[in-house]
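The values are calculated or read from the model by the stated rules, or taken from the named source; none is laboratory data. The shown structure was predicted, so the numbers you read here are calculated from the model rather than taken from an experiment. As a convention, Cβ positions derive from the backbone with ideal geometry for all residues, glycine included, and neighbour counts pool all protein chains shown. For the accessible areas, the whole protein counts, side chains as well, though only heavy atoms, and no ligand, DNA or RNA atoms are used. Shrake-Rupley method; radii C 1.70, N 1.55, O 1.52, S 1.80 Å.
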There are 2 protein chains.
Amino acid sequence: MHHASEILFTLFVVFVAAQIGGEIAQRLKLPGVVGEITAGCAIGPSLLGWITPEQIATGTPLDVLAEIGVILLLFAVGLETRLEDLKKVGKVAFVVGVVGVLVPFGMGSVWAHGNGFDWDRSLFVAAAFVATSAGITARVLQELSALQRIESKVILGAAVIDDILAMLLLGVVVSLQGGGSIDATHLLVVLAGAVGFIAVIGWGGARVMRWNSAWLDKPLGPHSPLMIVLALCLGLAWLSTRFGLAAIIGAFLAGMIASETRQQHTLEKQTQPLLALLTPFFFVVTGSKVDLHELASAEALWMLAVVTAIAIVSKFIGGWLGSLSLGRRSATIIGFGMVPRGEVGIVVATLGLAAGVFDNRIYAIIVAMSLLTAMVTPPVLAWLLKRKTGGKQIEVPDVRG
Amino acid sequence: MHHASEILFTLFVVFVAAQIGGEIAQRLKLPGVVGEITAGCAIGPSLLGWITPEQIATGTPLDVLAEIGVILLLFAVGLETRLEDLKKVGKVAFVVGVVGVLVPFGMGSVWAHGNGFDWDRSLFVAAAFVATSAGITARVLQELSALQRIESKVILGAAVIDDILAMLLLGVVVSLQGGGSIDATHLLVVLAGAVGFIAVIGWGGARVMRWNSAWLDKPLGPHSPLMIVLALCLGLAWLSTRFGLAAIIGAFLAGMIASETRQQHTLEKQTQPLLALLTPFFFVVTGSKVDLHELASAEALWMLAVVTAIAIVSKFIGGWLGSLSLGRRSATIIGFGMVPRGEVGIVVATLGLAAGVFDNRIYAIIVAMSLLTAMVTPPVLAWLLKRKTGGKQIEVPDVRG
């Protein structure tokens with residue numbers, strides 16, 4: 001009857017910490033998400049220890065709640081994103097995605113080689129510099145009601161491209177570690193699968209919903225459209241992991257499909273409480289993963305500063321170069337919007353640690369770098385977006401029901 | 001990046017199974033919850049095996065999601081329950097709670113003794129007959145929009161009394177198994193703690209909110225009242241386990257406190273999507289716990305039939321006798337409303353198995369009995385409530401805001 005006591009306490013602590021952190025950040029005119037991540041860092045293993053490392057390990061309840069939280073967040077972002085809008089920025093987003101992967105990968109591997117890694121291992125380290133985590137940026141854009149801006153569409157489109165490329169790159173560098181060679185045919189198959197999945201689901205799903213979404217109201221349950229799209233969200237999140245992509249890509253697609261329904265407005269409202277309950281778990285858990293002990297030396301801090309600077313500058317340059325056609329101001333926003341690495345950098349670091357490519361310190365530095373990029377971005381992005389008020393908005397004719 | 005694949009698939013399967021089961025049940029004019037429990041039984045280990053026993057063990061992500069689901073359900077029920085209304089039915093609810101515990105406990109121990117258990121063990125077996133699980137009944141009452149009826153208030157009030165007594169009883173029978181004696185002082189302290197917790201939190205919290213709930217809007221976040229009451233819900237759910245009570249008692253109290261705020265209506269609306277996402281996990285997981293293999297003999301089925309009949313009849317008599325003062329029709333509804341045992345019987349059975357009091361078959365029978373009572377109740381209750389339309393409603397003057 002009472003086994004649930006310990007986990008309930010943890011849920012309570014995480015939830016309250018997120019609220020307090022978010023509130024303090026907002027009082028300081030910072031995005032709430034910065035406060036939630038900081039709160040996670042504060043209650044995590046390296047400071048207060050109210051969350052233990054075992055509680056945030058892969059597959060634990062807290063980890064799964066965090067995963068559901070970020071999935072719902074990207075679903076909600078998709079719900080505000082029409083396929084038509086993404087098509088309009090398709091070319092720019094593609095260039096931003098590609099250049100935004102190549103520049104950090106190049107700079108990262110040069111830095112790693114300069115620090116004594118052989119080239120194979122340098123490429124592995126560099127992979128941790130690559131993948132943008134859309135969750136952080138999406139949350140900031142949503143907090144500022146900026147999801148309808150052209151820069152937001154480019155960032156979201158580029159994040160999808162970015163995830164495909166990061167997945168391929170990770171496949172390559174992992175197989176290189178095993179002393180293996182690169183199997184080009186296999187890579188092409190993986191690439192085709194991922195691109196095909198996104199194209200078929202995104203384009204097909206949107207068409208079906210635009211053609212007819214009345215059937216969503218057919219079930220007898222009181223929340224039938226919501227239940228169906230949530231099932232779609234979980235299903236596509238799972239399916240996208242089967243194609244080697246992040247779960248949030250599938251969730252974003254599900255949201256984009258649902259945005260074509262005539263129930264879109266109701267769905268948007270109903271999704272808000274779900275985000276309110278579950279996204280704090282994602283941001284607190286993210287913050288709690290940084291290990292401050294490994295960073296407690298001048299040398300480590302210096303290395304962290306250099307790595308973080310490279311991570312920020314390289315991604316910014318990539319995004320900025322890729323979107324210069326939209327003007328310098330928009331390019332600046334897009335460049336910064338691509339900076340956060342969040343959980344993807346952490347996954348690469350974990351793989352590297354397990355494979356013996358990294359020691360504990362490099363691991364901690366890469367994790368801390370991922371989180372620093374995630375924490376630096378929101379305030380800068382908020383400032384850039386507020387400064388550039390009245391910027392380009394996409395004009396979308398309303399073709400719904 | 002892709003570790004989440006397996007758990008996402010499970011979440012997807014559970015969620016979709018709940019929707020399909022609920023839809024079929026509603027098409028058959030049964031409460032949706034019956035379909036969700038049946039779906040859980042179908043995809044669970046003993047039939048399709050899409051959920052493994054490991055996935056629903058205590059402390060797993062699925063188990064925690066189920067726990068959050070039932071906590072939110074009782075929170076939502078509390079949100080529709082005013083302290084004033086409960087006070088009006090206080091005496092009846094108290095009698096229903098007490099008699100509704102004594103009769104099943106008496107009949108259960110006589111049956112167990114008649115089946116060869118010595119008296120100490122018989123009392124343990126009987127403890128599995130005792131505790132009503134408010135979740136099932138609450139969901140049916142909510143599905144039928146019957147939460148404002150006087151019978152619903154009595155059932156909810158009695159469920160709180162019931163949980164206190166069940167906790168004390170379980171403490172007694174467990175200590176008897178260890179060959180120990182009953183420590184009356186300790187029991188009194190536990191009783192005083194539980195009663196004090198409920199009284200102070202329920203009465204005090206309601207007063208604070210009625211006096212002033214404008215402060216709930218003070219935080220800057222876009223969903224501040226919701227976030228604060230959700231934190232309260234998690235906090236009280238945890239705290240009530242610390243007083244030996246079920247987590248859902250604390251959640252119910254939190255909802256009841258929040259029902260006194262002037263934001264009550266908004267909160268009610270915002271809670272609905274949370275229930276839609278999370279309660280299916282509770283009902284599917286509940287259903288998946290029945291082990292049909294142990295019941296695959298005529299003898300076992302006969303024993304199950306007898307045990308279930310005793311469980312239903314004894315609880316019905318207790319509830320009916322306790323509430324006769326409200327008239328026979330109301331007493332019938334209340335008697336049946338108290339019948340479902342759900343997860344509490346399962347917990348006693350698990351303790352009994354661990355302590356060597358039960359063998360696997362008795363364990364399976366008690367679990368199946370708990371679930372059968374949970375599955376029999378909803379259709380009967382729905383039928384009784386629909387038949388008696390226009391029944392007594394409590395008149396509550398609106399004293400809010």
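For the reader, a short list of remarks on this structure follows.
- Condition met for A:Ile201 (open to solvent by 20 Å² or more (accessible area, probe 1.4 Å), within 9 Å of chain B (Cβ to nearest Cβ), of a type in the set (A, V, I, L, M) and in contact (Cβ under 8 Å) with a residue 12 or more places away in the chain): no
- Condition met for B:Ala42 (at negative phi and more than 10 Å from every other protein chain (Cβ to nearest Cβ)): yes
- Scan of region A:52-65 for residues that are farther than 26 Å from A:Ala159 by Cα, surrounded by fewer than 19 Cβ atoms within 10 Å (Cβ to Cβ) and hydroxyl-bearing (Ser, Thr, Tyr), ordered by number: A:Thr52
- Test: residue in region A:341-354 that is open to solvent by less than 10 Å² (accessible area, probe 1.4 Å), modelled with pLDDT under 90 and not in a helix (DSSP H, G or I): yes
- From B:Glu260, B:Glu268, residue being open to solvent by less than 10 Å² (accessible area, probe 1.4 Å) and over 26 Å from B:Met375 (Cβ atoms): B:Glu260
- Among the conditions (1) assigned to a helix (DSSP H, G or I); (2) within 13 Å of another protein chain (Cβ to nearest Cβ), B:Ile37 misses just one, which is (2).
- Inspection of region B:66-77 identifies no residue that is more than 19 Å from the chain's Cα centre (by Cα), within 14 Å of chain A (Cβ to nearest Cβ), open to solvent by 10 Å² or more (accessible area, probe 1.4 Å) and more than 24 Å from B:Arg210 (Cβ to Cβ).
- Any hit, region B:39-51, residues being open to solvent by 10 Å² or more (accessible area, probe 1.4 Å), within 27 Å of A:Pro219 (Cβ to Cβ), within 23 Å of the chain's Cα centre (by Cα) and of a type outside the set (A, V, I, L, M): yes
- Flag if A:Asp162 is open to solvent by 50 Å² or more (accessible area, probe 1.4 Å), more than 20 Å from B:Val13 (Cα to Cα) and within 14 Å of chain B (Cβ to nearest Cβ): no
- Checked against the criterion of being in contact with a Gly (Cβ under 7 Å, 6 or more places away or on another chain) and not aliphatic (A, V, I, L, M), the candidates A:Gly32, A:Gly69 yield just one match: A:Gly32.
- Candidates in region A:98-156 are the residues that are under 16 Å from A:Met338 (Cα atoms) and assigned to a loop (DSSP other than H, G, I, E, B); of these, the one that is nearest to the chain's Cα centre (by Cα) is A:Ser133.
- A Cβ distance below 8 Å, combined with a sequence gap of six or more or placement on separate chains, defines the contacts here; from region B:210-225, residues that are at pLDDT below 80 reach residues that are surrounded by fewer than 13 Cβ atoms within 10 Å (Cβ to Cβ) in the pairs B:Ser213/B:Gly401; B:Leu220/A:Arg27.
- Enumeration of residues in region B:87-112 that are open to solvent by less than 70 Å² (accessible area, probe 1.4 Å) and without any contact (Cβ under 8 Å) to a residue 24 or more places away in the chain: B:Ser109, B:Ala112
- Residue within region B:294-309 that is open to solvent by 10 Å² or more (accessible area, probe 1.4 Å), in a helix (DSSP H, G or I) and acidic (Asp, Glu) present: yes
- Tallying residues that are facing chain B (nearest Cβ under 9 Å) and either open to solvent by 10 Å² or more (accessible area, probe 1.4 Å) or not hydrophobic (A, V, I, L, M, F, W, C) (or both) within region A:14-34 yields 7.
- The lone exception for B:Thr81 - which of (1) away from chain A (no Cβ under 14 Å); (2) open to solvent by 10 Å² or more (accessible area, probe 1.4 Å); (3) not small (Gly, Ala, Ser) it fails: (2)
- Check on A:Leu274, without any contact (Cβ under 8 Å) to a residue 40 or more places away in the chain and part of a helix (DSSP H, G or I): no
- Taking the numbered list (1) among the hydrophobic types (A, V, I, L, M, F, W, C); (2) farther than 25 Å from A:Pro31 by Cα; (3) free of Cβ contacts under 8 Å to residues at least 40 places away in the same chain in turn, A:Ala305 passes all entries but (2).
- Exactly one residue out of A:Ser152, A:Ser122, A:Ser133 is touching a Ser or Thr at 6+ places or on another chain (Cβ under 7 Å), in contact (Cβ under 8 Å) with a residue 12 or more places away in the chain and either open to solvent by less than 10 Å² (accessible area, probe 1.4 Å) or within 21 Å of A:Val376 (Cβ to Cβ) (or both), and it is A:Ser122.
- Looking at A:Ala39, A:Ala76, A:Ala18, just one residue is touching a Phe, Trp or Tyr at 6+ places or on another chain (Cβ under 7 Å), under 26 Å from B:Ile71 (Cβ atoms) and not β-branched (Val, Ile, Thr), and that residue is A:Ala18.
- Looking across region B:136-149, the residues that are open to solvent by less than 40 Å² (accessible area, probe 1.4 Å) and of a type in the set (D, E, K, R) come down to B:Arg139, B:Arg149.
- Restricting B:Ala138, B:Ala127, B:Ala131 to those that are in contact with an Asp or Glu (Cβ under 9 Å, 6 or more places away or on another chain) and not charged (D, E, K, R) reduces the list to B:Ala131.
- Filtering A:Leu239, A:Leu274, A:Leu230 for residues that are open to solvent by 10 Å² or more (accessible area, probe 1.4 Å), closer than 30 Å to B:Gly32 by Cα and at the interface with chain B (Cβ under 10 Å from one of its Cβ atoms) leaves a single hit, A:Leu239.
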